[in-house]
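Since every read-out is calculated from the coordinates, none of them should be taken as a lab result. Computed from a predicted model, the values in this text were never measured in an experiment. Cβ: placed from backbone, ideal geometry, glycine included. Neighbour counts: every protein chain shown.
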Amino acid sequence: MKVGYVYDSIYLKHDTGTHPENAQRLEAIIAYLEKAGTLPKLALIKPRPATIDEIAQVHHRQHITHIQEVALRGGGWLDVDTIMSADSYDAALYAAGGVISATDAVMAGEVSSIFALVRPPGHHSTRQQAMGFCLFNNIAIATKHALNKYQLERIAIVDFDVHHGNGTQEAFYDNPQVSYVSTHQHPHYPGTGVMEEIGSGKARGNIINIPLPIGCGDGGYSLVYEQIMMPAVRRFKPQLMMVSAGYDAHWADELSMMQLSVTGFAKIVKTIRQLAEELCQGRVVLTLEGGYNLKAVTESVKATFDVLLGNEKIEDSLGQSPYRVATPPLTPLIEALKKIHDLP
């Protein structure tokens with residue numbers, strides 16, 4: 001079965017200038033994938049704009065209107081972190097719609113797995129607030145779409161961005177059909193994602209936050225994925241896996257203090273792919289979130305596609321962190337999470 005990707009030049013029109021989340025990220029990724037000969041191996045799925053009704057499954061309509069009005073005024077700052085241009089509203093419609101298109105392609109069997117290379121990113125955007133570089137919550141909107149259109153009963157969202165996806169958590173905090181698993185640096189922006197945030201009502205226990213201490217690298221991430229994420233997702237038995245793929249936990253990224261390498265990201269994606277093959281016919285949809293060092297994010301995205309394509313060799317010219325930070329002890333965290341979530 002083919003591996004797909006979503007991309008359109010409209011994502012470059014979200015003009016943020018010299019902001020860390022800028023058009024150069026996608027330009028560099030596409031150029032690197034072309035140079036490496038990866039793109040011809042993939043099926044291109046063209047995005048469509050999300051409808052207002054689709055976005056309103058996650059966001060208040062006044063939030064949608066506000067984003068549109070700011071764009072009509074030529075753009076501007078929404079908060080100290082988040083900026084828009086005149087074309088940002090249209091780009092955001094296509095970002096959310098791109099992840100919907102990716103989901104439809106997987107559910108229709110056109111591709112077995114797919115990576116939506118979209119921007120602006122989405123996992124921080126809450127029901128009524130744009131924040132953390134995000135306008136609309138792309139993965140939450142696509143997840144709602146999948147639940148509604150395909151009558152799925154269980155979807156798992158895995159988020160390995162270095163920042164906690166507070167908006168995604170909010171969208172499904174009381175929804176028993178969705179399990180949200182996040183590994184993130186803590187303490188860090190946006191300040192949410194402590195292990196005691198586990199969901200409410202019938203969804204209690206479906207939110208699994210793995211707040212990692214500064215300095216975690218490949219070994220630490222492998223440990224928590226094997227001992228927490230994998231048994232939790234297996235128990236949930238998803239029919240589709242969605243992934244917020246952020247690469248800002250790389251040691252070279254200036255927006256975090258973690259020590260992951262390109263090889264480490266590849267191992268995370270391989271774990272997710274294996275779970276998807278075991279639990280839901282390999283159906284996995286990834287969407288781009290963070291990752292701001294151009295070399296780190298381009299190599300990590302290529303490594304992600306290599307894993308999805310079944311390539312064993314991972315190119316990692318940056319290698320391991322030169323800072324030689326000792327891996328923080330994670331046993332107390334793991335034991336606490338096992339107790340909270342009743343994991344073996």
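Some observations on this one:
- Counting only the Cα atoms, the chain fills a convex hull of 116 Å³ per residue.
- Taking the convex hull of the alpha carbon positions in segment 267-313 and averaging its projected area over all directions gives 3.5 nm².
- Ellipticity estimate at 222 nm from DSSP helix runs (n ≥ 4, -39,500 (n - 2.57)) divided over the chain, nearest 500: -11000 deg cm²/dmol
- Compactness of segment 138-261 as Cα Rg over 2.2 N^0.38 Å, two decimals: 1.02
- When only the Cβ of Lys, Arg, Asp and Glu is charged (+1, +1, -1, -1), the dipole of the chain relative to its Cα centre reaches about 740 debye.
- Counting Lys and Arg as +1 and Asp and Glu as -1 over every other residue whose Cβ lies under 14 Å from the Cβ of K295, the net charge comes to -4.
- Spatially proximal aspartates and glutamates relative to K270 (Cα-Cα < 20 Å; intrachain offsets below 8 disregarded): D159, D161, D218, E226, D248, E278, E289, E299, D306, E312, E315, D316
- Residue order, fewest to most beta carbons within 10 Å, for Y189, Y180: Y189, Y180
- Qualifying chymotrypsin sites (Phe, Trp or Tyr not before Pro) in segment 1-67, DSSP loop, other Cβ atoms within 10 Å at most 15: none
- Cα gyration tensor, segment 105-171 - rounded (a/c under 1.5), prolate or oblate: prolate
- Trypsin sites (Lys or Arg not before Pro) lying in DSSP loop within segment 34-113, provided at most 13 other Cβ fall within 10 Å: R73
- Cα gyration tensor category, rounded, prolate or oblate, for segment 169-209 with a/c compared to 1.5: prolate
- Coordinate range along principal axes, alpha carbons of segment 58-209, Å, largest first: 42, 40, 25
- Summing +1 for each Lys or Arg and -1 for each Asp or Glu among the other residues whose beta-carbon sits under 11 angstrom from that of S101 gives -1.
- Peptide ranges 192-203, 220-231, 266-277 listed from the most packed, as the mean C-beta count within 10 angstrom indicates: 266-277, 220-231, 192-203
- Cross-link pairs beyond the 22 Å C-alpha cut-off, checked among K35/K295; K13/K267; K267/K339; K144/K267; K2/K35; K144/K339: K13/K267; K267/K339; K144/K267; K144/K339
- Prolate/oblate/rounded label for segment 17-135 (Cα gyration tensor, a/c 1.5): oblate
- Of G17, I64, A36, farthest towards positive along the dipole that unit charges on Lys, Arg, Asp, Glu beta carbons give segment 1-64: A36
- Put simply, the amide H of M242, placed in the peptide plane, has neighbours under 5 Å in A156, I157, V158, V285, leaving out anything fewer than 5 places away on its chain.
- For the chain, averaging the sequence separation of C-alpha pairs within contact (under 8 Å, six or more residues apart) and dividing by the residue count gives a relative contact order of 17 percent.
- Between segment 193-216 and segment 257-334, the alpha-carbon center distance in angstrom: 21 Å
- 5 angstrom amide H check on Q259, placed H, neighbours 5+ away: G215, C216, G217
- Cα-derived Rg over Rh, computed across segment 232-329 with Rh taken as Kirkwood radius: 1.00
- Sorting H19, H66, H163 from the fewest to the most surrounding beta carbons within 10 angstrom yields H19, H66, H163.
- Selection among P344, A326, H250 by position relative to the dipole of the chain gives P344 as farthest towards the positive end (Cβ unit charges, Cα centre).
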